[in-house]
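Take a look at the structure below.
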Amino acid sequence: MHAWRKHKGNMDPVWEEIPIPSTPSTGFLVKMLASGVCRSDHNLLTNEIQPSWFQSKFTLGHEGCGTIISIGDSVAKDSGFKIGDVIALCAVPGCGGDDCPECSRDLAQLCQRGHHSGIGQDGFYAPYAAIDVRGAVKVPEGVTLTQAAVATDAVTTAYHAIHRRGEVNKNETVFLFGLGGLGFNALQIMRAIGARVVVSDVKEEMLEEAAKIGVPREDIVPVGKNVREWVEENGLVGKIDTVADFVGTNQTFQDAQYIVRQAGKILCVGTLNHENTVHMKVGIRKRLSIVFSYGGQTRDLKDALDLIQKGVLNPQVADGKLADLPMVLKGLEAGKIKGRIALLHD
């Protein structure tokens, strides 16, 4: 089969012929149906200072769904899966070992022992992929292939951040920076919780999308408006419980520290700037909590798919073709793609 691969030293994806993977004893061989494209794919291609498990050549793609075509002989008969099931694939389900420093602390997405699909090890930009049973979730009826593919990261990461790390509740006022592929999903998740969400983005079209799903105009910061001034002018000083930063620039992180209330929380998910600065006096005097979130888990993916099935959450996703990956990556980096895009397999 042919797959889109990362070769160390090459910053462009390589279309390369490789063997079809074997069926793992504790998992499935999957015929891929759709693979989501993420901004992190660009980072995986261009940043070569990576963890020790990264291979010199690997198949890219860490979002996907497909059909089970073969089941490993160590998969329990009562696993609930069968050949023909359409499943969403969690790229980093962890090794599951009781002696694993991460999995034993319920941190499967940080596990360094298990397989990392598309993140240094073979992933989903290929006609076939292997997945451990721990990383498989059945796609509910009514959820499209492209929705299921992007749900594995763009929705699951947002869900994990909002529910598990940010612990946002219905009584909170949240200021959300960024309505991109993850941020727009986070917005829908927080509205489903019942929280008031104030939104800021550099694109007018994304703010209009927020208005379309019911965000009041008075909770939308105009493009180009100074955030700190807007918060003061709109009577929100001391009322913002959590700032959810899905952008991660120096500006958004600085603004977050000033606009969040005393003893408030800053939830960091975006990483557009790799280094940002904490204002120690502000942080200490306000007794702020700064919480970082990364990835998600299989249980988050299941919850995310259930929300999509119920119509509570509708990920913004467009269709593409596997052959178009290089063009799609350039479009994402140029900001020409709204939300997410998923590549359909023949």
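The table below lists the values:
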read-out	value
Boolean, I83 is within 25 Å of D300 (Cα to Cα) and assigned to a strand (DSSP E or B)	no
I284 being more than 15 Å from the chain's Cα centre (by Cα), in a helix (DSSP H, G or I), farther than 28 Å from E204 by Cβ and of a type in the set (V, I, T)	yes
Residue pairs meeting the criteria (Cβ under 7 Å; at least 6 apart or on separate chains; first crowded, with 18+ Cβ neighbours inside 10 Å, in region 84-108; second aromatic (F, W, Y))	L89/F124
Region 319-346, residues that are closer than 18 Å to G181 by Cα and surrounded by fewer than 14 Cβ atoms within 10 Å (Cβ to Cβ)	D319, M327, K330, E333, A334, G335, K336
Subset of region 253-281 [in contact with a helix residue (DSSP H, G or I) (Cβ under 8 Å, 6 or more places away or on another chain) and not in a loop (DSSP other than H, G, I, E, B)]	D255, Q257, Y258, I259, I266, L267, C268
Total residues in region 287-312, condition among the hydrophobic types (A, V, I, L, M, F, W, C), within 15 Å of the chain's Cα centre (by Cα) and either at pLDDT below 95 or closer than 24 Å to I240 by Cα (or both)	1
Residue in region 128-139 that is in a loop (DSSP other than H, G, I, E, B), closer than 19 Å to G296 by Cα and at pLDDT 95 or above present	yes
Positions within region 233-249 being under 17 Å from R196 (Cα atoms) and either not assigned by TED's automatic domain parsing to the domain that holds H274 or not in a loop (DSSP other than H, G, I, E, B) (or both), in sequence order	T242, V243, A244, D245
Among the candidates D346, D306, residue that is part of a helix (DSSP H, G or I), out of contact with any helix residue (DSSP H, G or I) (no Cβ under 6 Å at 6 or more places or on another chain), under 29 Å from D132 (Cβ atoms) and of a type in the set (D, E)	D306
Qualifying strands (runs of 3 or more DSSP E) (wholly inside region 1-48; at least 3 residues being touching a residue at least 12 places away in the same chain (Cβ under 8 Å) and closer than 26 Å to A151 by Cβ)	2-7, 27-37
Residue that is crowded, with 19+ Cβ neighbours inside 10 Å and at positive phi, where the choices are G235, G270, G295, G311	G295
Residue match in region 305-316 (condition: touching a strand residue (DSSP E or B) at 6+ places or on another chain (Cβ under 8 Å) and closer than 18 Å to V37 by Cβ)	yes
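A quick yes/no check of all residues on (1) on the phi < 0 side of the Ramachandran plot; (2) touching a strand residue (DSSP E or B) at 6+ places or on another chain (Cβ under 8 Å); (3) part of a helix (DSSP H, G or I); (4) not assigned by TED's automatic domain parsing to the domain that holds V260:
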site	(1), (2), (3), (4)
L176	yes, yes, no, no
G180	yes, no, no, no
F184	yes, no, yes, no
L187	yes, yes, yes, no
R191	yes, yes, yes, no
V199	yes, yes, no, no
E208	yes, no, yes, no
G214	no, no, no, no
E218	yes, no, yes, no
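The values are calculated or read from the model by the stated rules, or taken from the named source; none is laboratory data. Remember, predicted model here, so these are calculated numbers, not experimental data. No Cβ is skipped: glycine too gets one built from the backbone with ideal geometry, and neighbour counts run over all protein chains shown.
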